[in-house]
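K.L.:
Just dropping this structure here.
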Amino acid sequence: MRGCALTVMNTIPLIFNEKKVSHTIIGGTVKKSIEEHIPLTVILLHRGGRYYRSAVFQNLENAGFTSIISVEMANEPYDIESLSARFPSVKFLLPLEKVTIGEMINTAVAEIESDYFFVVWNDMKITPASLPARVLQRQTASDLFCMAPVLSSQRMEALPVQMVPALKGNSFDIEPMLCYRDGCRTAYPFDFTGVYNRTRFISLGGFDHSIRNAYWQNIDLGFRAHLWGERIEIASGFRILYDSEIPKEDITPDSSYFSFYLKNLAPVLRAHEAFLPWSRFYTYATHSGRNILSSLRVFLQARKWISINRNRFVHDAATMTARWEPNL
């Protein structure tokens, strides 16, 4: 195809929020006193649907959350001005361009000052018991990167939210399992939902804007966290109920998967340094769907990114998955 040799993915970001999303901020002029021991900001994402917007914000405030940033959908004509007047402590973030879920979260994180943030969706039921104080206290005590909840369907059925990775040769898979033990590890927080340590999130670089598929974008950050020595755990006392159908994850092995592959599965760790072997190029080039020149450019971008971060890896994917205990 004419010009296809120039078609490559966006450059992998080297720092947090490297790509600035054009956006507008409305409201958030009134700051309520924070009674909790832990400063926490709710980042509310919207999936659309006919939800009573005022009820969602009222529910969060009734649950005790005093700092809320609502990331709006750019194509939804909501009456932000009236909502801002009714909820003056809520900060509304309006992207002025089409963005991924990860970019929404990155942009919101850049706007907050609290040490922790709680990513949640508008179709989830949040109550004062959803996030008990002891769960937050445990996270700060352990300095955990991310604490994910136990999620349930509308029918109160527990969902398999513990994601267990498996790697056999060039075959990669994620097996969803029910969480039977408090503090069990998960490869990533399902539906991006959880409480994150803001400092560690920024240190990890946040979500990669060059990965457009939400599923692989979420796994990319989760894997990077584990490969760099962080932990993502599920807290059995942290429970959230969906108020709508469970969102479907698009697990198609598209171009986003191959970006995830180069950054997370392909690197090898030797002498405490990670590198991307040239031997991985053939596997990538023959499966990526790109021509040879485009494949080489993308591969070199990933090789440069891994070289810059080579000392941050404490595992490679083969070692991490081999040692992974499903219930730990």
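The values are calculated or read from the model by the stated rules, or taken from the named source; none is laboratory data. Keep in mind that what you see is a predicted model, and the values were worked out from it rather than measured. All Cβ positions, glycine included, derive from the backbone under ideal geometry; neighbour counts span all protein chains shown. For accessibility, only protein heavy atoms count, side chains too; no ligands or nucleic acids. Shrake-Rupley method; radii C 1.70, N 1.55, O 1.52, S 1.80 Å.
K.L.:
Does the stretch 146-202 hold any residues that are touching a Lys or Arg at 6+ places or on another chain (Cβ under 9 Å) and within 18 Å of Phe118 (Cα to Cα), and which are they?
P.N.:
Cys146, Met147, Pro149, Val150, Leu151, Ser152, Gly183
K.L.:
Would you mind finding the one in Ser255, Ser259 that is of a type in the set (S, T, N, Q) and under 12 Å from Ile12 (Cβ atoms)? Talk me through it step by step, then tell me what you get.
P.N.:
Details: Ser255 fails: under 12 Å from Ile12 (Cβ atoms).
From the options Ser255, Ser259, the qualifying one is Ser259.
Results for (1) open to solvent by less than 10 Å² (accessible area, probe 1.4 Å); (2) outside any loop (DSSP other than H, G, I, E, B), shown as yes or no for each residue.
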{"position": "Ala187", "(1), (2)": "yes, no"}
{"position": "Asn218", "(1), (2)": "yes, yes"}
{"position": "Ile234", "(1), (2)": "yes, yes"}
{"position": "Leu241", "(1), (2)": "no, yes"}
{"position": "Tyr257", "(1), (2)": "no, yes"}
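K.L.:
Of the numbered conditions (1) open to solvent by 40 Å² or more (accessible area, probe 1.4 Å); (2) assigned to a strand (DSSP E or B); (3) modelled with pLDDT of 95 or more, Leu167 fails exactly one; give the number of that condition.
P.N.:
Condition not satisfied by Leu167: (3).
K.L.:
Do we find a residue being of a type in the set (Asp, Glu) and touching a strand residue (DSSP E or B) at 6+ places or on another chain (Cβ under 6 Å) anywhere in the stretch 269-280?
P.N.:
no
K.L.:
Another question, if that's okay. Under the condition of being surrounded by 12 or more Cβ atoms within 10 Å (Cβ to Cβ) and more than 18 Å from Ala108 (Cα to Cα), which residue from the stretch 11-31 is modelled with the lowest pLDDT?
P.N.:
Ranking the qualifying residues of the stretch 11-31, first place goes to Thr11.
K.L.:
Kindly indicate the residue of the stretch 261-301 that is among the aromatic types (Phe, Trp, Tyr) and under 13 Å from Asn170 (Cα atoms) and also most open to solvent (accessible area, probe 1.4 Å) among those meeting that condition.
P.N.:
Of everything passing the filter in the stretch 261-301, Tyr282 is most open to solvent (accessible area, probe 1.4 Å).
K.L.:
Still on this structure, I have one more. Is there any pair with a first residue in the stretch 51-66 that is surrounded by 17 or more Cβ atoms within 10 Å (Cβ to Cβ) and a second that is modelled with pLDDT under 85 whose Cβ atoms are under 6 Å apart and which are 6 or more apart or on different chains, and what are they?
P.N.:
Short answer, once both residue conditions are applied: Thr66/Lys32; Thr66/Ile34.
K.L.:
Another question, if that's okay. Among the residues of the stretch 288-325, write down those that are of a type in the set (S, T, N, Q) and either without any contact (Cβ under 8 Å) to a residue 40 or more places away in the chain or outside any helix (DSSP H, G or I) (or both).
P.N.:
Ser288, Asn291, Ser295, Ser307, Asn309, Asn311
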